[in-house]
Amino acid sequence: MPAAAGPGGRKPLISGNWKMNHTHLDAIAVVQKLAYSLSPADYDRAEVSVHPAFTALRSVQTLLDADEVPIALGAQDVYFEDSGAFTGEVSPVMLAKLNVAYVIVGHSERRQHFGESDELVNKKLLAVLRHQMRPILCVGETLDEREAGTTEPKVLGQLEAGLQGVPAEAMASVVVAYEPIWAIGTGRNASPEDAEAVCKSVRAWLGERYGAGVAGQVRVQYGGSVTPGNIAELMAEPDIDGALVGGASLDAERFAQIARLGQPAR
Ligand code: 13P
């Protein structure tokens, strides 16, 4: 696939996080429609990943492999141990065997509803890297934190904690997703300017920690009420390299429009 045309040569990554939606049958139907809707020109413009529930991973993988669909398979979470007595958990070994390419870690819903700490998120991220998959590390502030003017310390603190022990050589395969919690599932997306300001700070922090070369390679996604109607203006910002899409990714046609970055189909 040709390299990115975006800033710094970064190819945008458009990821559909289906959360706790779609049975494996529904998931197959959505991926079939998506594969039908997207053209080689679309895959040239942006990389696309889908993140079904664990129960649908195998079915979606089989479909993608059989039809050679250039959509990357993603997971929504992982545990950090390879195997053992951890009832209900799914290991990175299991995901890697399914050709999972991207694994979301530290989604705000995991942090909020399941009490995931920065330390746990960091262990998960390292486990994903250890198994040659790519983590999508989610960071973002609450509405209270935004209104108190503490967005940047919150986001950079989550970044610092989540990336503990990640060497510079591994950093280019990490994706950061800036998802302001107040924008998730609310229909109220961050303005492109506000999203850009935080994504730019993320990249500046990465530059200080890992050097400008690495910072220029890391893709920073925006997530939170992304739709076909706002993707183009978000993507016009220089430090936004794609989107982590929830609700609008459940429908194949809407997600295809987002994956086209708002460009018309051809
Ligand atoms: P929505 O696109 O539904 O706001 O969800 C965003 C999100 O949490 C993606 O991970």
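The values are calculated or read from the model by the stated rules, or taken from the named source; none is laboratory data. Note that the coordinates shown come from a computational prediction; the quantities given were computed from them, not determined experimentally. A quick note on method: Cβ atoms are made from the backbone with ideal geometry, for glycine too, and the neighbour counts reach across all protein chains shown. Keep in mind that these areas ignore ligands, DNA and RNA; they rest on the heavy atoms of the full protein, side chains included. Shrake-Rupley method; radii C 1.70, N 1.55, O 1.52, S 1.80 Å.
Annotations
- Carbon plus sulfur fraction of accessible area for the range 107-266, probe 1.4 Å, in percent: 50 percent
- P(r) tail for the chain: Cα pairs beyond 30 Å make up 21% of the total.
- Among 218-229, 122-133, 107-118, the peptide with the highest mean count of other Cβ atoms within 10 Å heads the list, and the full ranking is 218-229, 122-133, 107-118.
- Mean separation of Cα contacts under 8 Å (6+ apart) over length of the chain, as relative contact order %: 21 percent
- Calculated log₁₀ intensity ratio I(q)/I(0) where the Debye formula runs over C-alpha points of the range 136-266, q = 0.10, 0.11, 0.15, 0.21 Å⁻¹: -0.31, -0.38, -0.69, -1.21
- Phi angles across the range 206-222 convert, under the Karplus curve 6.51 cos²θ - 1.76 cosθ + 1.60 with θ = phi - 60°, into 3J(HN,Hα) values of 4, x, 5, 7, 10, x, 5, x, 5, 4, x, 9, 6, 8, 10, 8, 10 Hz, Gly and Pro given as x.
- For the chain, the residue among V226, A46, Q61 whose Cα projects farthest onto the positive side of the dipole built from Cβ charges is Q61.
- The reciprocal of the average 1/r between distinct C-alpha atoms defines the Kirkwood hydrodynamic radius, which for the range 112-191 equals 13.5 Å.
- Computed about its Cα centre, the charge dipole of the range 129-266 is approximately 520 debye, with only Lys, Arg, Asp and Glu carrying charge at their Cβ.
- Length released on extending from Y36 to T55, taking residue separation times 0.36 nm less the Cα-Cα span: 4.5 nm
- Fluctuation leader among D239, D42, D26 - the chain, Gaussian network, Cα springs under 10 angstrom: D26
- Extension gain, E119 back to E89 (0.36 nm per residue minus Cα-Cα distance, nm): 9.1 nm
- Per residue, the average separation of C-alpha pairs within less than 8 Å and at least 6 apart gives the range 148-257 a relative contact order of 28 percent.
- Legend: residues R58, R260, R45, R266, sorted from most to least accessible area (1.4 Å probe; ligands, DNA and RNA excluded), read R266, R58, R45, R260.
- Charge dipole (the range 1-158, unit charges on Cβ, about Cα centre) - positive-most of A148, Y36, L95: Y36
- Over the chain: helical MRE at 222 nm, DSSP H runs n ≥ 4 each giving -39500 (n - 2.57), nearest 500: -12500 deg cm²/dmol
- For the chain, size of Cβ-based charge dipole, Lys and Arg +1, Asp and Glu -1, in debye: 480 debye
- Taking every protein chain into account, the accessible area of the range 35-87 amounts to 46 square angstrom per residue (probe 1.4 Å).
- Normalised by the number of residues in the range 1-154, the mean separation of alpha-carbon contacts (under 8 Å, six or more apart) gives a relative contact order of 18 percent.
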